[in-house]
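Step one of this worksheet: look at the structure below.
Just so you know, all these numbers are worked out from the coordinates, no wet-lab data involved. Treat the numbers as computed from the prediction; the structure is a model and nothing was measured. Here Cβ is always computed from backbone atoms with ideal geometry, including for glycine, and neighbour counts include all displayed protein chains.
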């Protein structure tokens, strides 16, 4: 399996380390919405320059995890249900529209790549690493969209996926079955491998609609 798409190889090591650490803290809620982030304090924490910290913060801003407000500094973005609902709906539109295109002329390695990513998710689940599982999950869905040949939609889907996972983690109560979370992708792989577009679209819609139980109003007419 290729290295995670979330990780940008060209990003300098120190900026990458700061980005990964801050993203983990935001995704897990250690850094709460509205928390202020100052370049000087972060540079001391990561023992790097403020320019390196600034690069990490800009990457976090691209993913919608922080807001940079000029002289007012940088703050962790909100993680609200209203925004989550709209991102679930947008993701549903992008992925269910992309699936028929991807399956019409799939690349030779699509199913093998998805199988490899599922194996990676199961390994992350066994290690109790929810954030790694979520990162591979994002790569899984972006890999399908890649075969749809709609590259302008990839950054939009990526942001939706990041916020879907952040919201899901924020709503979690107690220990979750990470193996079951990984295995939710099995039906998608099977339908794509069988070239059954109808089954794949149905599986994708169910997959998205059941990430977090927000009730039938989010996806009217779909079984929760």
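The length gained on full extension between residue 81 and residue 179, counted as 0.36 nm times the residue separation minus their Cα-Cα distance, comes to 32.7 nm.
Once the Cα atoms are used to define both axes, helix 110-126 deviates from the longest principal axis of the chain by about 60 degrees. A protection proxy built from the mean count of other Cβ atoms within 10 Å ranks the segments 171-178, 18-25, 139-146, most packed first, as 139-146, 18-25, 171-178.
Here segment 1-142 yields Rg over Rh of 1.02, to two decimals, using C-alpha coordinates and the Kirkwood radius. Rounded to the nearest 500, what is the chain's calculated 222 nm mean residue ellipticity when only DSSP H runs of at least 4 contribute -39500 (n - 2.57) each, over all residues? Dividing the helical sum by the residues of the chain leaves -20000 deg cm²/dmol. For the chain, the relative contact order works out to 22 percent when only alpha carbon pairs closer than 8 Å and six or more residues apart are counted.
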